[in-house]
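Laboratory data are not the source of any read-out in this text; all were calculated from the coordinates shown. Since this is a predicted model, take the numbers as computed values, not measurements. Neighbour counts are summed over all protein chains in view; Cβ atoms, including those assigned to glycine, are modelled from backbone coordinates with ideal geometry.
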Amino acid sequence: MLKVPLIGISTTSLYPWLYDMIAQPESLAFVPNNVINLAEPMNFWQRLYNVVHTFYDKWYFNYLTTQEQDRIIRKHFGPDIPSVRELEKKISLILINSHIALNGIQPRTAAAVDVGGIHVQDENETLQPVSRLVMTRFRGRFHFFDVTHANESQARAHDVL
């Protein structure tokens, strides 16, 4: 097994099944599940619906995907590889396409970083922000470069984790 940090990218706000991957606590009493359309603030019945629907979404996602994903990874990486759900728990960081202006205030652990609003301008630079993040891990911390600058000599590093 590779001994490198795993970094995930979520193209939307966190789906209910992504929270467990990074041990992100769910605040279902005031953060609506992004799969259903609930406005904030929620009343008691909306909160109850939010909780029940979130648990159902997680169960249904695992029911639909776990066996097939396990079959595929064991076919390509051997029968001794752990389940995909165990591998997901090794994710160190998820970059989330979310922003406080769109999704409101949500509690986050250090493993969940909102990067909404950072856009790639050139099609050839699509993987550049991720490769910079991976290559700049040093002494147990991730250093994320401000990718809005034209060249790396002008980039500023920011501690993320």
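Observations on the structure shown:
Yes or no, residue by residue, for (1) polar (S, T, N, Q); (2) within 20 Å of the chain's Cα centre (by Cα); (3) within 21 Å of residue 111 (Cβ to Cβ):
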residue	(1), (2), (3)
11	yes, yes, yes
58	no, yes, yes
62	yes, yes, yes
72	no, no, no
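- Selected residue (criterion: surrounded by the fewest Cβ atoms within 10 Å (Cβ to Cβ)) from residues of the stretch 93-107 that are of a type outside the set (Gly, Ala, Ser) and more than 15 Å from residue 9 (Cα to Cα): 105
- Answer residue from the stretch 35-54, given it is surrounded by fewer than 18 Cβ atoms within 10 Å (Cβ to Cβ) and in contact with a helix residue (DSSP H, G or I) (Cβ under 8 Å, 6 or more places away or on another chain) and is nearest to residue 96 (Cα to Cα) among those: 35
- Some residue of the stretch 69-92 being in contact with a strand residue (DSSP E or B) (Cβ under 9 Å, 6 or more places away or on another chain), assigned to a strand (DSSP E or B) and surrounded by 11 or more Cβ atoms within 10 Å (Cβ to Cβ): yes
- Cβ pairs under 6 Å, 6+ apart, first in the stretch 101-113 and under 15 Å from residue 22 (Cα atoms), second assigned to a loop (DSSP other than H, G, I, E, B) and not hydrophobic (A, V, I, L, M, F, W, C): 107/27; 109/24; 112/24
- Checking the stated criteria, residue 32 turns out not to satisfy the condition of being loosely packed, with under 15 Cβ neighbours inside 10 Å, touching a residue at least 12 places away in the same chain (Cβ under 8 Å) and within 18 Å of residue 106 (Cβ to Cβ).
- Count - residues of the stretch 38-54 that are of a type outside the set (Ser, Thr, Tyr) and touching a residue at least 24 places away in the same chain (Cβ under 8 Å): 1
- The number of residues in the stretch 11-25 being among the acidic types (Asp, Glu) and surrounded by 18 or more Cβ atoms within 10 Å (Cβ to Cβ) comes to 0.
- Contact map, the stretch 1-20: first residue touching a residue at least 60 places away in the same chain (Cβ under 8 Å), second residue small (Gly, Ala, Ser) and in a loop (DSSP other than H, G, I, E, B), Cβ cut-off under 6 Å, separation 6 or more or different chains; pairs are 13/98.
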